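Input: a single structure, listed below in structure tokens.
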Ligand SMILES: Cc1cc2nc3c(=O)[nH]c(=O)nc-3n(C[C@H](O)[C@H](O)[C@H](O)COP(=O)(O)OP(=O)(O)OC[C@H]3O[C@@H](n4cnc5c(N)ncnc54)[C@H](O)[C@@H]3O)c2cc1C
């Protein structure tokens, strides 16, 4: 039996974007009822693990033009310039507001907000709270959200389907993980704020919950996934775990070294040379792989890696600005960065692509909005600049909250019986998966295979042939994911069932990624093809859109919103 509840808007996701959207809507209309649905307790969302900072113009040495151009250039000219302009203008207001809500931004001696350098940013514009920025941001947002009685939380509810009527979104169907009960959570508008999909790759900084659920939910209902081929590798992950060592460690003056002890980035003339450690993530990741290929990687008990050297910064500076980096390095690789180099290697970090949205966080489906990492607006284009993402969650979370509420005030509720019927069908489908033996496929085996295929086919460097293989293999793996063998038929906290649902979401997302990548025969931002080493604006200056069909993604394209920043060669 499905339990039905009704709200004005339903937000899926309790991370930075979801909480910001909830607060915006709750403030805009104190009478509106806002459902906040999250598969984990909100403070466990991935936003909590962000370390380095959030970008926004802070003072007179900086301006919107500079932040805008850095972002456009960082995106390798695939970002939508109208959206980027809006983003940089809203950014300072959002970060100041967050401080009013309790976020303890680090300060200079004179009391002004301190900012640090970040890759690809020409000015120090990354606001930080030591190196636990996400923790402080999410805490501030969560506490602020508790002020509003009209925000109704559904913690540990897993959304498995969007409920629609006449092509418009009218709510979600969700599994209550604790009890196994099913719910139809109805609303006249829905916001997806479900975060990224790093877990389709084997080696990632992303938490285990980042399985692309929101992307798959929208995709299954016919909404396009945009620019899925662009996957950000962060240059500095800890070998073994993939735990992130924040870019702030380079922003604060750290060096990258190879096996000969050389600061190799100064020798890379295709971009990172002059900027060295402050180059953008895509270029630095490629430089590290090139060092490995030239035999200059360090190979020891940590596997093949390069070294991050902070020793010259001194203990006082490290403890003041990077205490968490020290803690992580000591705990996870047994290295004290005050005295020793930290082993690092490139690691999957962020999805530039996602649910196709516009400047108002709207998708093509009436009543469906998306914000945060799940969305592709697009400010990030082919490569995101570090520290733009947390700010993006705030700016477009706010936007989604306000616009969805506005839409909801004029939209009808939909036919409850029909929406309940959809949720009942969904409940029956998911119920039939419990302890089911549809085939012999094991969740863990398929996940490992998907991870291997994605890494081999869509890694830092890509080739036509290997991308085509990934496309074919992902197609097979997606089909095999409908033949799972599950062993646990219990209702209460059936984590095997949740893992199966997440896998089914990941294989859809991974397939769009492989197909979109194989299609783009050029190198742009994070998408680097060895067989097509140059950017080709003549042919490929457009967004890729992937639409679901049973035979695999159908590709389409969308124009890039250009503006006064003319495409030019991307040099640093
Ligand atoms: C280790 C790390 C460090 C980072 N550091 C920085 C940084 O310093 N600066 C920066 O700008 N960016 C950083 N990023 C990127 C940035 O943190 C993320 O892009 C951003 O926090 C994503 O926020 P979000 O609100 O979109 O999603 P998340 O914080 O990932 O939250 C997703 C929410 O959706 C919910 N959800 C997902 N699926 C479902 C479902 N099926 N049903 C119900 N609920 C669901 C989850 O429960 C969760 O509440 C970092 C990322 C990582 C991984």
Within segment 300-318, does at least one residue satisfy the condition of being crowded, with 23+ Cβ neighbours inside 10 Å, over 30 Å from residue 129 (Cβ atoms) and free of Cβ contacts under 8 Å to residues at least 60 places away in the same chain?
no
Can you find a residue that is out of contact with any helix residue (DSSP H, G or I) (no Cβ under 6 Å at 6 or more places or on another chain), within 13 Å of the ligand (Cβ to nearest atom) and in the same structural domain as residue 400 (by TED's automatic domain parsing) anywhere in segment 240-248?
no
Complete set of residues in segment 475-495 that are crowded, with 18+ Cβ neighbours inside 10 Å and in contact with a helix residue (DSSP H, G or I) (Cβ under 7 Å, 6 or more places away or on another chain):
477, 478, 481, 484, 486
Among residues of segment 52-69 being in contact (Cβ under 8 Å) with a residue 40 or more places away in the chain and surrounded by fewer than 23 Cβ atoms within 10 Å (Cβ to Cβ), the residue nearest to residue 226 (Cα to Cα) is 69
Answer yes or no as to whether residue 115 is at pLDDT below 95 and more than 20 Å from the chain's Cα centre (by Cα).
no
Please work out which residue is nearest to residue 35 (Cα to Cα), limiting yourself to segment 125-167 and to residues that are in contact with a helix residue (DSSP H, G or I) (Cβ under 7 Å, 6 or more places away or on another chain) and assigned to a loop (DSSP other than H, G, I, E, B).
150
Does residue 375 qualify as being away from the ligand (no atom under 16 Å from the Cβ), buried (at least 24 other Cβ atoms within 10 Å of the Cβ), within 19 Å of the chain's Cα centre (by Cα) and farther than 24 Å from residue 131 by Cα?
no
Could you run through segment 418-452 and say how many residues are modelled with pLDDT under 95 and assigned to a loop (DSSP other than H, G, I, E, B)?
6
Please find, among 512, 539, the residue that is part of a helix (DSSP H, G or I) and over 23 Å from residue 199 (Cα atoms).
539
Can you pull out every residue in segment 256-278 that is surrounded by fewer than 16 Cβ atoms within 10 Å (Cβ to Cβ), at pLDDT below 85 and either on the phi > 0 side of the Ramachandran plot or assigned to a helix (DSSP H, G or I) (or both)?
274
Does residue 171 fit the bill of being away from the ligand (no atom under 12 Å from the Cβ) and either outside the structural domain of residue 499 (by TED's automatic domain parsing) or closer than 23 Å to residue 453 by Cα (or both)?
yes
What about residue 359, is it more than 16 Å from the ligand (Cβ to nearest atom) and closer than 30 Å to residue 172 by Cβ?
yes
I'm trying to understand the selection: among the residues of segment 166-176, which are surrounded by fewer than 24 Cβ atoms within 10 Å (Cβ to Cβ) and closer than 16 Å to residue 4 by Cα?
176
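The values are calculated or read from the model by the stated rules, or taken from the named source; none is laboratory data. Because the structure is predicted, anything quoted here is derived from the model rather than measured. Glycine also receives a Cβ, built like all others from the backbone with ideal geometry; neighbour counts cover every protein chain displayed.
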